[in-house]
Amino acid sequence: MIACDCEVCTSANKKDKRLRSSIMVESQNTILVVDSTPDFRYQMLREKVKHLDAIVFTHPHKDHIAGLDDIRAFNYFSKKPMQIFANEMTQEVIIREFPYAFTDTKYPGLPEIGLNTIAMEPFIVGDMPVIPVLVWHLKMPVLGFRFGKFTYITDANRIDEPEKEKIRGSEVIVINALRTEKHVSHYNLEEAIDLVKELKIPQAYFTHISHQLGKHDPVNAALPEGMQLAYDGLVLHI
Ligand SMILES: [Zn+2]
Ligand SMILES: [Zn+2]
């Protein structure tokens, strides 16, 4: 955190250096990113990403959409609009926050976006089937996504029973766990652990971690079997 001197913010361990939460999902023929964070540009540079087929959005909070303008580099090289997938609530905010990308008069260098609406039905990006899962971020509906045996959920603190059904059977889950103390709109670590146990998912990684959770190594070492803290640059083969 800016201006913070706590043991996490001053740690020399790379795993304590956390950018805003996002994942890249890659199949045989398709590469997508979930959310374009304020760190999107640096994340793409760090991972040397040369091509992206789509960005899929969980919800319109700034820490999940702010980097969208930087898709212009992908537009430039692919000569195509970036396909984005979002529900109507998120699309409204994106259009309001990046109005210049949606005007009729285009000028060179503007980010080019193709809007695709996520209803609650499964959809396909390239060759990748995606199942949206509705989760609650206090009162805001947020989308989690299931890709085959892998489920990604961020910014949740409650999931209704029928939506839990869509997650069950996953082999790997990434789920948000903000800190040890309770929070109004995010699972804390204990709640996230309980949910993973309830859903019986064998392999879990916690994400959207605040510096208030503590240093990676000791917190990670104390987690139940099959559960780990995610860290920036973590790669999973599923
Ligand atoms: Zn949020
Ligand atoms: Zn967030």
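Each reported figure results from applying straightforward, stated rules to the coordinates on display, with no laboratory input. Computed from a prediction, not measured in an experiment: that's the story for all the values here. Cβ coordinates were reconstructed from backbone atoms using ideal geometry, including for glycine residues, and neighbour counts include every protein chain displayed.
Among (1) surrounded by fewer than 14 Cβ atoms within 10 Å (Cβ to Cβ); (2) within 25 Å of residue 62 (Cα to Cα), which single condition is residue 165 missing?
(2)
Give the stretch 178-203 a look and list any residue that's in contact with a helix residue (DSSP H, G or I) (Cβ under 9 Å, 6 or more places away or on another chain), more than 16 Å from ligand 2 (Cβ to nearest atom) and within 23 Å of residue 141 (Cβ to Cβ), or say none.
The answer is 182, 195, 198, 199, 201.
So residue 178 ticks every box in (1) within 15 Å of the chain's Cα centre (by Cα); (2) under 30 Å from residue 77 (Cα atoms) but one. Which box is left unticked?
(2)
Can you work out which of the residues in the stretch 154-177 that are within 16 Å of ligand 2 (Cβ to nearest atom) and in contact (Cβ under 8 Å) with a residue 60 or more places away in the chain is farthest from residue 212 (Cα to Cα)?
174
Give me the helices (runs of 4 or more DSSP H) completely within the stretch 19-95, filtered to those with at least 2 residues that are more than 16 Å from ligand 1 (Cβ to nearest atom), ordered by residue number. Walk me through it before giving the result.
Numbers: elements: 40-46, 62-65, 72-78.
So the answer is 40-46, 72-78.
If I ask for residues that are surrounded by 16 or more Cβ atoms within 10 Å (Cβ to Cβ) and away from ligand 1 (no atom under 16 Å from the Cβ), which ones from the stretch 116-153 would you list? Talk me through it step by step, then tell me what you get.
Kept after step one, since they are surrounded by 16 or more Cβ atoms within 10 Å (Cβ to Cβ), are these residues of the stretch 116-153: 118, 123, 125, 128, 130-137, 142-147, 150-153.
Passing the criteria: 118, 123, 125, 128, 130, 131, 132, 146, 147, 150, 151.
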